[in-house]
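The block underneath contains the structure these notes are about, expressed in structure tokens.
The values are calculated or read from the model by the stated rules, or taken from the named source; none is laboratory data. Quick caveat, the model's predicted, so the values are computed rather than measured. Cβ placement follows ideal geometry from the backbone for every residue including glycine, while neighbour counts extend to all protein chains displayed.
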Amino acid sequence: MTQELTHAVQNRTARVVVIGMGYVGLPVSALIAEAGFTVAGLDIREDRVSMIAEGISPIGGTEPGLAELVARVVASGRLRASTDYAICRDADIVLIAVDTPVDDNDHQPGYEALRAALTGLAEHAPSRALVIVESTLAPGTMRNVVEPALRRAGNRLLLVHCPERLTPGRLLRNIREMPRVVGGMSLVATELAIAFYRDFVRAPLEPADDLTAETVKTAENAYRDVQIAFANELALICEDLGTDVWRVRELVNQVPGRQVHLPGAGVGGHCIPKDPWLLLSGITKRLQPRLIPAARAINDAMPAHVVDLVIAALSGADLSITDARVAVLGYAYRENSDDTRNTPSAPVVGQLKALGADVRVHDPYVAGYEGDLTSALKEANCAVLMVAHEEYTRAQWPALVSAMSTPMLVDCRDILPETVAGARVIRLGDGRSFRPVDAVDQLPSDV
Ligand code: SAJ
């Protein structure tokens, strides 16, 4: 079996099916097709399948090269899209790239999409194939969920976990250039998967077992979440001390081995907020980790702190939140992206509205929030800069603030100069720029 598969990989006649044509599945399908394989993309969303069938990428935001590559490989006939799992029957290689969220309350993995993909694959199992799960998994998932779900297909399937390492804004670049951990459930599976990835990944391909691969991916993002939490807690400390965290971190980072991350309005995206919980969901209950949950709590509290800053800004102009107009600038979770998954802007908008503010949202990348920045600021009492979109970092703020009723700016990401002519600037993490006001005292009793 493996000899056939090995030859099919080596001469690129292997028929590849990719389940899940989202931020991960579509770009990796396009690169596999570009490498010379024939690829069928499988998705439950007919609108997405139709766009791809027309050679159009359904992924928004700034993704260098993706739209052109999708058009090219679809036109060449190397990439097609379908909603029918029956295409798995003829596959030699199946990639699974569906989302693996965690429950907002109990933080347990939400494997609905993964289980649906596994069920569909098992019902239309190929005679023999290499099955690679690229979705991020809690440690133990390959052994406790994936392997059992595919067991009915017998031992004809070689199972591997090769976690994706993608970042919106550089999807293609990351696939080509990020090192990958290739965690097979057998040595043969690992070796075959490495041979396959070598056709389109230029970076090191590290052999491992499945559990190691699951742990690496969730740990690398838990690590980042803790780093960001340190930056956010340092920002709160600097606010309280009356000093400037942006200058503090700049000077700390001059020391070799220090890398204080950027404080901000919170942690969004499809990876960092959930992967720490995936890591912890795989452990026994004997262990009670404290650092990783504490980091999650610190980062999740930042949107409420941003609301505090808005209240501080308004109270500085003797305005109450209840009749203020607030412009929230940036709804994507990260700069120059249209991705709003787990965006910190959502709780900020929700809490401001709950406090009675008239909230206007602007984001040049997010459908429904685009438009003229001056209009978004018109008659606003306060503007909150949530995300360092290029439009905001390059804007002429002295001219823009003249559209506002009261020119107050809350800068959550060190986007603005320390002073903007004609405006008052409150900077998250810069205690020199404001006196903290605890919003809880302002909350109406029914919030
Ligand atoms: N953030 C901060 N301060 C920072 C860095 C990030 O507040 O110093 C916030 C961002 O604003 C965003 C959230 O954290 O809301 C996540 O940002 P991110 O830069 O980590 O972006 P993601 O979510 O796209 O993370 C992905 C991850 N990649 C994968 O999981 C494969 C992460 O491991 C990468 O480090 C990151 O991309 C990257 O920058 O490459």
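Scan region 193-202 and tell me whether some residue there is closer than 24 Å to Asp92 by Cα, within 16 Å of the ligand (Cβ to nearest atom), touching a strand residue (DSSP E or B) at 6+ places or on another chain (Cβ under 9 Å) and not in a helix (DSSP H, G or I). Among the residues of region 193-202, at least one is closer than 24 Å to Asp92 by Cα, within 16 Å of the ligand (Cβ to nearest atom), touching a strand residue (DSSP E or B) at 6+ places or on another chain (Cβ under 9 Å) and not in a helix (DSSP H, G or I), which makes the answer yes. Can you name the condition, by its number, that Leu262 falls short on among (1) in a helix (DSSP H, G or I); (2) of a type in the set (A, V, I, L, M, F, W, C); (3) within 13 Å of the ligand (Cβ to nearest atom); (4) surrounded by fewer than 22 Cβ atoms within 10 Å (Cβ to Cβ)? All conditions pass for Leu262, except number (1). Within this structure, Leu236 fails the test of being closer than 16 Å to Val9 by Cα and in a helix (DSSP H, G or I). Does Val252 fit the bill of being over 27 Å from the mean Cα position of the chain (by Cα) and within 16 Å of the ligand (Cβ to nearest atom)? For Val252, the condition - over 27 Å from the mean Cα position of the chain (by Cα) and within 16 Å of the ligand (Cβ to nearest atom) - is met. Taking the criterion of being in a helix (DSSP H, G or I), of a type in the set (Asp, Glu) and more than 27 Å from Tyr223 (Cα to Cα), the only residue of region 300-319 that qualifies is Asp308. With respect to (1) within 13 Å of the ligand (Cβ to nearest atom); (2) farther than 30 Å from Asn144 by Cα; (3) crowded, with 22+ Cβ neighbours inside 10 Å, the lone exception for Glu239 is condition (1). Does Ser135 count as among the polar types (S, T, N, Q) and surrounded by fewer than 22 Cβ atoms within 10 Å (Cβ to Cβ)? Here the answer is no, as Ser135 does not meet what is asked.
Test Gly257 against the stated conditions and say whether it is more than 10 Å from the ligand (Cβ to nearest atom), surrounded by fewer than 20 Cβ atoms within 10 Å (Cβ to Cβ), more than 20 Å from Leu385 (Cα to Cα) and touching a residue at least 12 places away in the same chain (Cβ under 8 Å). Spelling it out, it is not the case that Gly257 is more than 10 Å from the ligand (Cβ to nearest atom), surrounded by fewer than 20 Cβ atoms within 10 Å (Cβ to Cβ), more than 20 Å from Leu385 (Cα to Cα) and touching a residue at least 12 places away in the same chain (Cβ under 8 Å). Restricting region 143-173 to residues that are over 18 Å from the mean Cα position of the chain (by Cα) and of a type in the set (Lys, Arg), the residue that is farthest from Ala116 (Cα to Cα) is Arg156. Got at least one residue in region 29-39 being on the phi < 0 side of the Ramachandran plot, in a loop (DSSP other than H, G, I, E, B) and crowded, with 21+ Cβ neighbours inside 10 Å? Checked against the condition, which is being on the phi < 0 side of the Ramachandran plot, in a loop (DSSP other than H, G, I, E, B) and crowded, with 21+ Cβ neighbours inside 10 Å, region 29-39 yields at least one hit. Would you tally the residues in region 175-192 being surrounded by 17 or more Cβ atoms within 10 Å (Cβ to Cβ) and either within 14 Å of the ligand (Cβ to nearest atom) or at pLDDT below 95 (or both)? Adding up the residues that qualify gives 3.
Return the total of residues in region 271-299 being free of Cβ contacts under 8 Å to residues at least 24 places away in the same chain and not in a loop (DSSP other than H, G, I, E, B). The number of residues fulfilling the criteria is 2. When Thr62 is tested against (1) at pLDDT below 95; (2) surrounded by fewer than 14 Cβ atoms within 10 Å (Cβ to Cβ); (3) among the polar types (S, T, N, Q), just one condition goes unmet, and that condition is (2).
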